[in-house]
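Take a look at the structure below.
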Amino acid sequence: HSHPSQCLSRKSRQWIDTRCHECILSGIMSVNGKKVLHMDRNPYYGGESSSITPLEELYKRFGISDSPPESMGRGRDWNVDLIPKFLMANGKNLSNMIVGVIILLKTCFWIRLLSFKSCKCVIFYNILNNNLVKMLLYTEVTRYLDFKVVEGSFVYKGGKIYKVPSTETEALASNLMGMFEKRRFRKFLVFVANFDENDPKTFEGVDPKLTTMGDVYKKFDLGQDVVDFTGHALALYRTDDYLEQPCLETINRIKLYSESLARYGKSPYLYPLYGLGELPQGFARLSAIYGGTYMLNKPVDEIVMEGGHVVGVKSEGEVARCKQLICDPSYIPDRVHKVGQVIRVICVLSHPIKNTNDANSCQIIIPQNQVNRKSDIYVCMISYAHNVAAQGKYIAIASTTVETSDPEAEIEPALELLEPIDQKFVAISDMYELTDDGTESQIFASRSYDATTHFETTCNDIKDIYKRMTGSDFDFENMKRKQNDVFGEDEQ
């Protein structure tokens, strides 16, 4: 690379660290015509959202002096996510962004459609103006990015796990509810499926902008257990605050979950082969295609400020000038404040999780009320089928927001579901947020990753940063227009 000071013009943007947040934004900004320099103190892409390989490196990272036993197989067969996240197949947030990246990287990636029976299905759907648009690209090139459908979505109740019912048929067949509760829940799902915010005839006496979600549950006489898994496993809320808010957002979340599940059958989630580390690399390539410069293993000595505004970053005696900067909280400890902690436990298993129909991958949500907590506990499990573990091995990662002085005791209900466990790796991470919105200093820090095992909260953060930087909402259609400028209309 040329020197940092030679890489940036007066209208450029300076970027630090390569977590998913920053990589996605660097790709988007590059497409928008900004000159991007992306620096990372690490020698690899992804930062804390990377996938660790070989397995020996994971042992070293967690201070385990012993080498992995021979039963773990070859170390190079492992790609272990430090922070697990599943992608909602029909998601309006990251799905749109990833589809955009796939379109824009069609000269660099091979998007493969494989057999549904083997669950190696790569399908991306994009919701634009409430229309579901299927985007499949078949381009024979030398590199590829594959996603697999996660095989099950489950919820915890009374010490056991059950498949999350999201359709009328599943509601009637589920062991999660009694006979009368099933009928009431079925009526609720029919109401949600038929609900159209533009058609008052579908409201059934509910005002989507005034009626709270708690009142909607009361309307259908749903019990607490049903409310728990509906709000936390279908609508993917982390707390019960949504119960006092207007119901429209929750109804749309449940519809999104059901529509995604209808497309895939087993769950609404996708996961990339070879681990989440593939995602930041994909967005890094997008940035490079549009002129972005990357510098890995590049220390950051100082963030240079003038008059309260960022003007550059100093590294190894040189200053890269910039007008805006995006980074994770670790680069600006004096501009962030701690908002909590997350505990994550990476568990290596030699078996699928019990009562999941021997699924090779799944998500389990333990609603807060089921274990007398204020926040949910999450479990995501992937395996050798995703090229992230040795043959016959599984990786389950449990996570939750820390609420007491004994985090490991808080996560125990999840670990009990995973027994026997071959090896555990425990990490407790602080969560930070910027003390201001960045519009004055032009320093925009992403939030720390929360305990959830899906990308929805991460996507919201990315969209929020984009709007604060540019003053406008993220527009996927604009990314498509930018692609036309580079590849031409015939390439669509």
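The values are calculated or read from the model by the stated rules, or taken from the named source; none is laboratory data. Please read all numbers here as calculations on a predicted model, not as lab measurements. Note: ideal-geometry Cβ built from the backbone for every residue, glycine included; neighbour counts use all protein chains shown. The protein model used for the area step is the full one, side chains on, heavy atoms only, and it has no ligands, DNA or RNA in it. Shrake-Rupley method; radii C 1.70, N 1.55, O 1.52, S 1.80 Å.
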task: Give me the distance in nm between label points sitting 7 Å out from Cα along the Cα-to-Cβ direction at K314 and D196, one decimal.
output: 6.2 nm
query: If one computes the Cα centroid of the stretch 325-350 and of the stretch 211-290, what distance in Å separates the two points?
result: 23 Å
query: Reported to two decimal places, what Rg/Rh ratio describes the stretch 394-472 when computed on Cα atoms with Rh from the Kirkwood expression?
result: 1.11
task: Compute the Kirkwood hydrodynamic radius of the stretch 317-358, taking the inverse of the mean of 1/r over all pairs of distinct Cα atoms, and give it in Å to one decimal.
output: 15.8 Å
message: Give me the percent of accessible area attributable to carbon and sulfur for the stretch 317-388, probe 1.4 angstrom.
response: 42 percent
Residue pairs, from the table K163/K255; K255/K463; K160/K338; K201/K255, whose Cα atoms sit over 24 Å apart: K160/K338
- prompt: How far apart, in nm, are the 7 Å Cα→Cβ label points at E249 and E56?
  reply: 4.9 nm
- line: Once both label points are put 7 Å beyond Cα along the C-beta direction, the K338-V371 separation in nm becomes 2.2 nm
message: Can you compute the charge dipole magnitude of the stretch 168-250 about its Cα centre, using +1 on each Lys and Arg Cβ and -1 on each Asp and Glu Cβ, nothing else charged? Give it in debye, rounded to the nearest 20.
response: 300 debye
message: Translational diffusion coefficient of the stretch 173-305 at 10 °C, 1.306 mPa s, Stokes-Einstein with Kirkwood Rh over Cα pairs, in µm²/s as a whole number.
response: 87 µm²/s
query: Counting pairs of alpha carbon atoms under 8 Å apart in space and at least six apart in sequence, what relative contact order in percent does the stretch 390-453 give?
result: 31 percent
query: Under the classification rounded if a/c is under 1.5, otherwise prolate if a/b is larger than b/c and oblate if not, where does the stretch 243-308 fall, given a ≥ b ≥ c as square roots of the Cα gyration tensor eigenvalues?
result: oblate
- request: Could you provide, to the nearest whole Å², the per residue accessible area of the stretch 184-256 with probe 1.4 Å?
  value: 48 Å²
- prompt: If packing is taken as the mean number of other Cβ atoms within 10 Å per residue, what is the order of 78-84, 272-278, highest first?
  reply: 78-84, 272-278
message: Between E412 and N32, how high is the FRET efficiency from 1/(1 + (r/R0)^6) when r is the Cβ-Cβ distance and R₀ = 41 Å? Nearest 0.05.
response: 0.30
field: Distant alpha-carbon pairs in the stretch 160-203 (separation over 15 angstrom), percent
entry: 45 percent
task: For the stretch 319-399, just say rounded, prolate or oblate: build the C-alpha gyration tensor, square-root its eigenvalues into a ≥ b ≥ c, call rounded for a/c under 1.5, and beyond that prolate if a/b exceeds b/c, oblate if not.
output: oblate
query: On the accessible surface of the stretch 155-252, probed at 1.4 Å, how many percent belong to carbon and sulfur atoms?
result: 49 percent
